[in-house]
Amino acid sequence: MHVLIPLMVLIPLLGAATALVSSRSHRLQVAISTSALSMTTVVAALLVWRSDAQGASVVYVGNWAAPWGITLWVDRFSAMMLLVSSVVLLGVLVYAVGQGIADGNRETPVTIFHPTYLMLAAGLFVAFTTGDLFNLYVGFELLLGASYVLLTLGGTGARIRAGVTYIVISLVSSVFFLAAIAMIYGATGTVNMAQVAQRIGDLPADTALLLHVMLLLGFAIKAALFPMSFWLPDSYPTAPAPVTAVFAGLLTKVGVYAIVRTETLLFPTSGPGGDLRTPMMWVALATLVIGILGATVQADIKRLLSFTLVSHIGYMIFGISLGSRLGLNATVYYVIHHITVQTTLFLAVGLIERVGGTTSMSKLSGLLKRAPIVAVLFFIPALNLGGIPPFSGFLGKAGLLVAGADEGGWVVWVVIAGAVATSLLTLYALMRVWNMAFWRSDEELEQGYSSRYINTLVENPDAAQSVQVKEPTPRLMVSATAGMVAVTLALTIFAGNLFAFGDRTAAEISDRDGVIAQVLPDQVSHG
Amino acid sequence: MNASLALIVVMAVMYAAGVYVLLERSLTRVLIGFMLIGNATNLLILIMSGRAGAPPIITDGVDPQDFTDPMPQALILTAIVINFGVTAFVLALIYRSWWLARLGDQGDTVVLEHEEDAGLAQEVFSEASEDDDALHEALDASEAYVDESMEAEPAPEPGGER
């Protein structure tokens, strides 16, 4: 069964290679990438089942024992992240194939798209399975390298401009991360996460605090936390719709995943790494409130969603900084919810763009009559993200707030207030989209509709003089979006099971000694 | 842990210069900044292996304590490969953005109309190659000036003839 873990990385890598070789045949490429991602979904589902039934599994690559070789290590949290990202990647791939067929492959040069997309998947899976800090860096670079190519696909002026911002920021964050790894190696003599966790207790407090902050800085840029979040709304929206959807769902969550590992395994509050929970609370609050205030003044729906994306990262950071079992449980659920819902919303906006010809709210109208199915597909995830019961957004936020209330303290209550306000403002921003794009009749727009709200909106600088081009919506795109909406609804239906799973996950990732004993079975006596 | 002071000074200078150049507007300089910072980080990893020692190969009569730590070198090798790939991509990006800057607003529409594209491409290329020719002429002239003023070297360098 241990062979399953390397398979998660091998399948997409082999798929990328064969897809690149078979670049002549579009059909073959589609077949390769869909079957590769279907296979990883099955493998990930097996891993979830296995990690829940029999505990975490460890693979020593090349059979080199733990501190020397690279360790692959999948516990409940990793397995769940693998499963969710596989499902999302597959859904978006089907959507992209639908779009590619309709466009006659004009906008996305498919020969590059499929191999790069699979490389992105491989990078994600490396990051989620690794038990080694340097391998985590390699996974990050794999997925970032693929994301540079996907973001600048086609090489138009707007995409190159957005790409430059994104690439330079990512390079800086990678350098932070690599420098942090170097210093951790200097201080502890190892890059194996379990062994670092074992030895971090012997470090002087100031050294440990420095290492802790360096690591968090690198991850915070990737996760787009408040002072380091301004790059995101400028770079994501210009990419093709499926690419934006996958970036929004998954790339920032890798940062969140790494922060969870840092806070629970490497630098727990009890250790010498310093108690950064209160500063992280403030960062969470700032991320939540400032992000959502940005969202309320955007005219472009893609930019608006990018701002809600930044804002909602704050919820997860809030859960992590609580540090309690309840908090981590709710964080795990919220991460799953947010990956699927945010991706689905971006896919729905891709449909809006095709039906309405633009994503600017001030130019869209009457979509409810023209495209009722698209309206439904936008409305459900929009309510979900806004936190309306009974959807998973409500359950996740309620879980976080309950965990916060359980913890107490005035800082926590301030963040809870901010979180509630953010939820309401998210609903406000998304319902404005609904009112403008779907509910407003075409006549209103033609008669020169004007309101105080419309006048305050900021248009997307890149799309200022773009022409409205309405294109047919292929059935495959709509069904892929519908499938993703069904997944978000399933998160609501199986919320009880997921919360129970999240509770076991939280217990597992907080148990550092257990992790160290799994990865380094021969060395426990040292610790 | 012991470390070489010279390496630390070199690393610090590379970081400082790299950050300074990275903040420039020109993309090429940003790339140079990134390369400086990336290599400074590689040096940092090397410094973390402590002082230099014997090659880490098991030989009779060498105490394992005297070995140099091989692990950081493996890490650096990986980091160099990654930096190399990213540098290649950024170079392609710089070329593309130079191309777009040349074409102005027409840049984004090039892909759709192949006929015009070819003509336009030819135009831009010839302009660019004219610029290059002018540059080369200027360089050749300055070389000739140097040759004349020296007068001691009768044979021109092989690279000078074209």
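The values are calculated or read from the model by the stated rules, or taken from the named source; none is laboratory data. These numbers come from a predicted model, not from an experiment. Cβ placement follows ideal geometry from the backbone for every residue including glycine, while neighbour counts extend to all protein chains displayed.
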Test for A:Ala258: is it buried (at least 21 other Cβ atoms within 10 Å of the Cβ) and closer than 23 Å to A:Gly409 by Cα: no
Filter result for A:Gly163 (outside any helix (DSSP H, G or I), within 11 Å of chain B (Cβ to nearest Cβ) and under 26 Å from the mean Cα position of the chain (by Cα)): no
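Per-residue answers, yes or no, for (1) touching a residue at least 12 places away in the same chain (Cβ under 8 Å); (2) not in a loop (DSSP other than H, G, I, E, B):
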position	(1), (2)
A:Ala31	no, yes
A:Ala36	yes, yes
A:Thr40	yes, yes
A:Val43	yes, yes
A:Val59	yes, yes
A:Trp68	no, no
The range A:280-326, residues that are small (Gly, Ala, Ser), surrounded by fewer than 22 Cβ atoms within 10 Å (Cβ to Cβ) and part of a helix (DSSP H, G or I): A:Ala286, A:Gly294
Residue within the range B:44-52 that is surrounded by fewer than 19 Cβ atoms within 10 Å (Cβ to Cβ), free of Cβ contacts under 8 Å to residues at least 12 places away in the same chain and either in contact with a Cys (Cβ under 8 Å, 6 or more places away or on another chain) or more than 11 Å from chain A (Cβ to nearest Cβ) (or both) present: no
Qualifying positions in the range A:166-184 - at the interface with chain B (Cβ under 7 Å from one of its Cβ atoms), in contact (Cβ under 8 Å) with a residue 24 or more places away in the chain and small (Gly, Ala, Ser): A:Ala179
Count of residues meeting criterion [surrounded by fewer than 23 Cβ atoms within 10 Å (Cβ to Cβ) and within 14 Å of another protein chain (Cβ to nearest Cβ)] in the range A:111-125: 2
Meets criteria (buried (at least 20 other Cβ atoms within 10 Å of the Cβ), in contact with a Leu (Cβ under 9 Å, 6 or more places away or on another chain) and either within 12 Å of chain B (Cβ to nearest Cβ) or closer than 28 Å to A:Pro472 by Cβ (or both)) for A:Ala146: yes
Residue in the range A:199-221 that is among the small types (Gly, Ala, Ser), surrounded by fewer than 20 Cβ atoms within 10 Å (Cβ to Cβ), at pLDDT below 90 and out of contact with any Pro (no Cβ under 6 Å at 6 or more places or on another chain) present: yes
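So if I check each of A:Phe176, A:Phe140, which one is within 30 Å of A:Leu4 (Cβ to Cβ) and at pLDDT 90 or above?
A:Phe140
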Check on A:Thr108, over 22 Å from B:Ile37 (Cβ atoms) and either at pLDDT 95 or above or outside any helix (DSSP H, G or I) (or both): yes
